[in-house]
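Q: Handing you this structure, nothing more for now.
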Amino acid sequence: MFAWIVSDPWAYPALEVLHIVGIGLLVGNLVLFELRVWGVGAELPVRPLARLALRLSLLGFALIGASGLLMFAGQPDELLAAPVFLLKMGLVLLAGLNALWFHARGSLQRLDRTARLQTVVSMGLWLAVIICGRWIAYA
């Protein structure tokens, strides 16, 4: 049904561009916010920065999700057979759980050692997701 996505000369590349823009919005805003958790830019109020960064990160995640689902729909059998794709999806789940843990424990209010550890885990997971995403093309 969605095989045309892969065969159309414009569809898949356009989806990849949207995916990359989403990654930029997500990871760029996470880096900005996570640097603030580490004390960089301490003159910036944490809560307003966090609200802005979260909104833009969620917009990025929505772009990633929508474009990713369409790319997946174009070749589900190939992707499900690729272990690196399954690893990528597992890492996305772990990144989401880490974000939930960050907010559930009130890390934004604490900005303590655990909050900083959570930001390191977050960035490591998202970088691993990006690496896996690129690796899919070569697996």
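Q: Quick one: is GLY106 small (Gly, Ala, Ser) and within 22 Å of TRP135 (Cβ to Cβ)?
A: It is false that GLY106 is small (Gly, Ala, Ser) and within 22 Å of TRP135 (Cβ to Cβ).
Q: Which members of region 70-90 meet the condition of being more than 23 Å from TRP126 (Cβ to Cβ) and among the charged types (D, E, K, R)? Full working, then the answer.
A: Filtering region 70-90 for residues more than 23 Å from TRP126 (Cβ to Cβ) gives 73-78, 81.
Residues satisfying the conditions are ASP77, GLU78.
Q: Here's another thing I want to ask about it. Among the aliphatic types (A, V, I, L, M), without any contact (Cβ under 8 Å) to a residue 24 or more places away in the chain, open to solvent by 60 Å² or more (accessible area, probe 1.4 Å) and in contact with a Gly (Cβ under 7 Å, 6 or more places away or on another chain): which single residue out of LEU35, LEU80 fits that description?
A: Values: LEU80 fails: in contact with a Gly (Cβ under 7 Å, 6 or more places away or on another chain).
Unique residue meeting the criteria: LEU35.
Q: Oh, and also: Counting only residues that are surrounded by fewer than 16 Cβ atoms within 10 Å (Cβ to Cβ) and among the small types (Gly, Ala, Ser), how many does region 83-139 have?
A: Qualifying residue count for the region: 7.
Q: Also, I was wondering about something else. Do we find that GLY60 is free of Cβ contacts under 8 Å to residues at least 40 places away in the same chain, closer than 30 Å to ARG110 by Cβ and exposed (fewer than 14 other Cβ atoms within 10 Å of the Cβ) in this structure?
A: no
Q: Would you list the helices (runs of 4 or more DSSP H) that sit entirely within region 65-135 and hold 3 or more residues that are among the hydrophobic types (A, V, I, L, M, F, W, C) and out of contact with any Pro (no Cβ under 8 Å at 6 or more places or on another chain)? Please lay out each step first, then the result.
A: Values: elements: 76-80, 83-104, 107-110.
Answer list for region 65-135: 83-104.
The values are calculated or read from the model by the stated rules, or taken from the named source; none is laboratory data. Since we're looking at a predicted model, the values are computed, not measured. Note: ideal-geometry Cβ built from the backbone for every residue, glycine included; neighbour counts use all protein chains shown. Accessible surface is based on the protein model in full, side chains and every heavy atom, while ligands, DNA and RNA are left aside. Shrake-Rupley method; radii C 1.70, N 1.55, O 1.52, S 1.80 Å.
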